[in-house]
Amino acid sequence: MQKKGVAILGSTGSVGTQALEVIQAYPEQFDLQVITAQSNAKLLIEQAKLFQPNAVVIGDEEKYEEVKDALFSEDIHVYAGAQALCQVVEFHEVQVVLTALVGYAGLKPTLAAIEAGKDIALANKETLVVAGELVTERARAKGVNIYPVDSEHSAIFQCLVGEFHNPIEKIYLTASGGPFRGWKADALETVTRAQALKHPNWSMGAKITIDSATMMNKGLEVIEAKWLFGLKAEQIDVIVHPQSIVHSLVQFEDGSMKAQMGLPDMKLPIQFALTYPDRLKTNFPRFNFLDYPQLTFEQPDKEVFRNLQLAYDAMHAGGTKACALNAANEVAVQLFLEEKIRFSDIARINEQIMEEAPFVPNPNLEDYIHVDAHSRKLVGLLKI
Ligand code: NAD
Ligand code: MG
């Protein structure tokens with residue numbers, strides 16, 4: 001059997017390190033070609049020594065010497081800077097690129113990988129939020145598959161196996177509701193960084209953890225689903241399911257509903273994205289119904305968690321609206337993590353930038369780049 005050549009963009013993060021665990025567990029399946037990190041040189045070096053990829057990229061150019069020196073005696077190419085990400089994904093030996101980096105930074109390398117004909121295992125949802133139309137159009141043109149890694153989208157994808165010819169009536173994306181489920185708007189005003197960083201069911205990177213607490217994450221996922229599965233906004237519903245056991249559902253035109261279930265563990269969707277259509281045997285803990293005598297479902301509160309509504313609004317508006325929303329949100333989340341704004345300011349900033357940012361109805365790549373940069377600048381000019 002031929003091993004699959006894999007590049008992992010963002011190997012030092014939450015998804016990236018779990019992807020490496022998957023690769024380590026199945027050495028006969030995978031040939032790790034490339035790993036990359038933005039600033040965690042120490043972990044990148046450790047990973048490179050252990051996994052012996054063909055190449056590594058450190059995003060922060062100031063850390064190039066450190067990585068280069070540490071890997072001096074290894075047979076590993078070392079590159080630095082954002083541009084290098086777009087080059088390493090093109091290597092001949094790479095068949096699939098796992099986009100496990102966070103934020104808008106995923107857009108250009110994902111497009112580069114698609115142009116080079118590489119399949120994408122997509123964790124980096126922001127890429128589809130920013131430029132879903134362009135990215136999916138290029139993937140179609142190039143005959144490239146985009147396999148979802150996000151657990152909800154993997155669930156939908158798993159429900160669709162054997163059903164790709166059957167139209168979807170609608171999908172339900174499940175949401176844990178985050179640490180502030182059931183809270184009222186007043187209470188959210190005084191939420192601290194530490195409170196927001198405590199997710200009830202998943203351990204993830206800081207940005208997505210804050211996005212989960214504001215429900216922006218679910219909003220981003222709604223837009224991600226639109227592009228991955230070719231759906232209209234009306235076909236995508238969100239249902240809060242605090243136990244995070246049902247990972248999402250598809251409803252078909254005969255009224256039948258299929259759900260994918262299991263204990264929350266990102267390794268499963270990561271692995272399925274890399275091995276589809278095969279399932280590999282694992283020893284992950286199994287779900288036991290009797291541990292969960294009740295699975296519950298409730299309506300999300302789009303008034304208190306305004307970001308979810310904003311994502312629907314952006315999806316309806318089309319064009320560059322979601323790109324502006326994403327840019328505003330990335331900056332706002334960073335400001336909140338630096339304790340410079342309040343938790344409730346995040347949605348306020350997002351809403352204001354969606355109104356003020358330039359809008360391009362039929363954007364090309366340059367338009368997305370421009371709207372992203374402009375929206376970020378606008379956040380800096382707001383009086384908060
Ligand atoms: P993380 O913060 O833990 O890791 C991010 C990785 O990307 C790190 O390796 C970091 O070095 C790299 N990176 C950060 N900024 C970069 C930049 N500007 N350029 C290049 N590389 C950069 O994040 P995460 O939680 O692993 O999430 C990664 C992506 O996967 C996000 O888009 C997130 O929404 C999505 N996702 C994550 C989970 C999860 O369980 N963590 C689940 C579903 C989807
Ligand atoms: Mg998710």
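All of the numbers you see were taken from the coordinates with simple rules; none came from a lab. Keep in mind the model is a prediction, meaning the values are calculated, not measured. Reconstructed Cβ throughout: ideal geometry from the backbone, glycine too, with neighbour counts over all protein chains shown.
For the reader, a short list of remarks on this structure follows.
- Each label point was placed 7 Å from the Cα along the Cα-to-Cβ direction; for Ser256 and Lys383 their separation is 6.0 nm.
- Using all pairs of distinct alpha-carbon atoms, the Kirkwood hydrodynamic radius of region 134-206 works out to 15.9 angstrom.
- Applying a DSSP loop filter and a limit of 14 other Cβ atoms within 10 Å to the trypsin sites (Lys or Arg not before Pro) in region 319-384 leaves Lys340, Lys383.
- DSSP bridge orientation in the chain - percent antiparallel, rounded to nearest 5: 25
- Ranking Leu325, Phe229, Phe336 by Cα position along the charge dipole of the chain, where only Lys, Arg, Asp and Glu carry charges on their C-beta atoms, puts Phe336 farthest toward the positive end.
- Separation of region 285-300 and region 172-207, taken as the distance between their Cα centroids, equals 19 angstrom.
- Qualifying aspartates and glutamates (Cα of each under 18 Å from Cα of Lys232; at least 8 residues distant if same chain): Glu133, Glu137, Glu152, Glu169, Glu221, Glu224, Glu253, Asp313
- With contributions of -39500 (n - 2.57) from each DSSP H run of at least four residues, the per-residue ellipticity at 222 nm computed over the chain stands at -13500 deg cm²/dmol.
- Out-of-range pairs (alpha-carbon distance over 22 Å; input Lys125/Lys226; Lys4/Lys207; Lys4/Lys42): Lys4/Lys207; Lys4/Lys42
- Sorted from greatest to least, the principal axis extents spanned by the alpha carbons of region 198-346 come out as 44, 37, 32 Å.
- R0 of 30 Å, Cβ-Cβ distance Asn362-Glu234: FRET efficiency to nearest 0.05: 0.85
- Between Glu303 and Arg348, the simple spin-label model (points 7 angstrom out along Cα→Cβ) gives 1.9 nm.
- The residue list Leu111, Cys159, Ala196 was ranked by how far each Cα lies along the charge dipole of region 105-215 toward its positive end, using unit charges on Cβ atoms, and Ala196 comes out on top.
- Potential lengthening of the chain between Glu338 and Gln24 amounts to 109.5 nm, from the contour at 0.36 nm per residue minus the alpha-carbon distance.
- In nm, spacing of pseudo-spin labels at Lys267 and Phe289 (7 Å Cα→C-beta vector): 2.6
- The chain: relative contact order as a whole-number percent, Cα under 8 Å and 6+ apart: 14
- Under 5 Å, built H, 5+ apart or other chain: amide partners of Gln260: His247, Ser248
- Debye-formula intensities of the chain, expressed as log10 I(q)/I(0) at q = 0.07, 0.08, 0.11, 0.13 Å⁻¹, are -0.30, -0.39, -0.77, -1.11 (one equal scatterer per alpha-carbon, no solvent).
- Across region 7-151, the volume of the C-alpha convex hull divided among the residues equals 97 Å³ per residue.
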